[in-house]
Amino acid sequence: MALKQTLQQKLLQKLSPQQIQLMKMLQLPTIALEARIKDEIESNPALEEGKEASTDDYDDYQGEETDDRSEAEKEFDFSDYMDDDDTPGYRYEANNYSRDDEDSRVPIGTTSTFHERLTDQLHMRRLSDTEEAICEHLIGSLDDSGYLRREVTAVVDDLAFSQSIMTTEEEVERLLVEQVQDMDPAGVGARDLQECLLIQIKRKPSDVAVKTATVILERFYMEFVKKHYDKIIQRLEIEEEDLRDAIEEITHLNPKPGNSLNETARPIEQVIPDFTLIMDEDDIQVQLNSRNAPELRISNKYMEMMEDFARIKGKPNKAQRDAMQFVKQKIDSAKWFVDAIKQRQNTLIRTMEAIVSYQRAYFETGDETKLKPMILKDIADKIGMDISTVSRVSNSKYVQTSYGTFPLKYFFSESLTNEEGEEVSTREVKKILSDLIEKEDKKKPLTDDRLAKELKAKGYNIARRTVAKYREQLDIPVARLRKEL
C-alpha cells in the first residue's frame, strides 16, 4: 500500500479556554460566583477588589520607546521578550487540576456520625466481647435512615467470614431487638417501616389513642396504608374520632429515625436571589444582586511593574524576561476576568429583562394563570443569543418579586391548546389542577378521571393520563392516598 500525502482544508469551530470559562461562570449561582472571585483574587496577585483602574497605559507599555535611549537600545523591541517561545522556569510547574475544574468532593463532617453515636451508646452497655462485636456489625449494617436492610441470615454469614464469629440467627435476632432497637433515637434497627413505627409507638406513654394506634400498626397496617378507614372502624368497633386520634399519633412518628442524627449530609443551601424586580408605577425595573456585580480592578503595583520593565535599557537578562512574562500573564488574566464578570452581568440583565417583558402580565398581577407558554428559544430569539446561553443563565438563578422568590426555570413551560384554540401554558393548567385538588372533599377525593372532566368543563381538553402526569409533577398523591377522615 503506497503512502500518499494530501492537503486538505477543514473549517472547525472551537471554543477558546476563555470562552469555556465564561460559559461556566454564566451558570454559577451567586454564592458560587463569590467563591470563584475569591479564588481568582487569591491565585492572581494582579487582581484586586475596588473600582477598576484605567489600563490604557498598560497597552502602551508593550510598544513604548523613550527618546533618551541610544540607537542600539532603540533596536531592542520590548515585545520580543513578551512572547511564549522562551518559557520561564515557573511555567514548568504543573499539576493535574485547574482552578476551573469543578470540585465534586463531599466535605467530610467533623462532628460524630450517626453510626458513631450508636456505637457510643453500645459501649455503655454490659455485653460480652462477642455480643459487642455482633452489635457493632449490626450498627455498621444500618443505612443512613436507620434501617437494617439485610437479612439476619446474611449477617450471620458476614460475621463468620469477616470476623470468624460463629453465631446463630436467633442470637443475632435477640441482640438486634434487645440492644440495637433499644437505642436512641427510637426506631433505629427496624427492618421495615411497620417495625420502625411500632418501636416508636411502644415507647410512648400509654393512653387510648396510643393503644389504638398500636393495634392498627400490628393488625391492620395494610388497611392503614391504603386508607381503608371504614374497614378499620368496623373491625375495631371504634368511633371515627378515636381513629382520628390514633392516626394523629402515628403521623407524628419519624419514618426515618437515622436522619435525625445524621450530620454528614449536605446542608441545605440558602437561596440568595440573583435579581430583584421593583415595581415603579407602570414600570418594572430589574436590579442585579450587588454580589453579582463586584468591583474588581487591575493592581496598581503590577501596572507600575510593567512601566518599570518598559524603561529597561538594553537587552534584558533571563531573570528579567521571566519576570516580564509572569507579570504580563497575570495582568492579561486579570483583565480577562474583569471583562468576563462584566459580560456575565450584561448577559444576566438582558435575559431577565427579556423574561419580564415576555411574562409582563404575570409580574404585574402575580396571577399564575397569566403565565404565557415560554421556552428557551423564545428568550434566545428575543436577546439574539444561543439557547445554551439562556439555559446556563436560567440554571440555579432566582428572582425576588413582590409575590415571592422563584427560580428562573419556574417561568418556562410548554404550551397546549384549549377549546377556543388559544395556546395556554401547562403551568396554568397545573395551577387549576392544584386548586381543584385543594378544594376537593377530602372524604371523597377526586379521581384522575373526575379531574379530567372538571378540566374539560373549564375548557381544557386533557386526557386522564396527562392529568396523572401533571399531578405527579406537582408531587400530589392519587385520590386514595389523599383521603382523610
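The values are calculated or read from the model by the stated rules, or taken from the named source; none is laboratory data. Because the structure is a prediction, the values reported are computed rather than measured. Reconstructed Cβ throughout: ideal geometry from the backbone, glycine too, with neighbour counts over all protein chains shown.
A search for C-beta distances below 9 Å between a residue of segment 336-348 that is touching a residue at least 12 places away in the same chain (Cβ under 8 Å) and surrounded by 14 or more Cβ atoms within 10 Å (Cβ to Cβ) and any residue that is of a type in the set (S, T, Y) and in a helix (DSSP H, G or I), counting only pairs 6+ apart in sequence or on different chains, returns T347/T389. For segment 349-366, the tally of residues that are free of Cβ contacts under 8 Å to residues at least 60 places away in the same chain and of a type outside the set (K, R) stands at 10. Of the helices (runs of 4 or more DSSP H) lying entirely inside segment 269-367, the ones with 2 or more residues being assigned by TED's automatic domain parsing to the domain that holds L26 and under 30 Å from K38 (Cα atoms) are found at 300-310, 318-358. Scanning segment 138-158 for residues that are crowded, with 19+ Cβ neighbours inside 10 Å and without any contact (Cβ under 8 Å) to a residue 40 or more places away in the chain, we see that the one that is nearest to E116 (Cα to Cα) is V155. Condition check: at pLDDT 80 or above, in the same structural domain as E307 (by TED's automatic domain parsing), of a type outside the set (V, I, T) and surrounded by fewer than 12 Cβ atoms within 10 Å (Cβ to Cβ). Does E42 satisfy that? It is true that E42 is at pLDDT 80 or above, in the same structural domain as E307 (by TED's automatic domain parsing), of a type outside the set (V, I, T) and surrounded by fewer than 12 Cβ atoms within 10 Å (Cβ to Cβ). Only residues that are polar (S, T, N, Q), surrounded by fewer than 16 Cβ atoms within 10 Å (Cβ to Cβ) and part of a helix (DSSP H, G or I) were counted in segment 430-485, giving 2.
Residues in segment 193-251 that are of a type in the set (D, E, K, R) and under 39 Å from the mean Cα position of the chain (by Cα): E195, K202, R203, K204, E223, K226, K227, R244, D245, E248, E249.
Scanning segment 185-209 for residues that are over 28 Å from V172 (Cβ atoms) and surrounded by 18 or more Cβ atoms within 10 Å (Cβ to Cβ) turns up just one, A209. Checking each residue in segment 353-379 for being among the charged types (D, E, K, R) and surrounded by 15 or more Cβ atoms within 10 Å (Cβ to Cβ) picks out E353, E368, K370, K372, D378.
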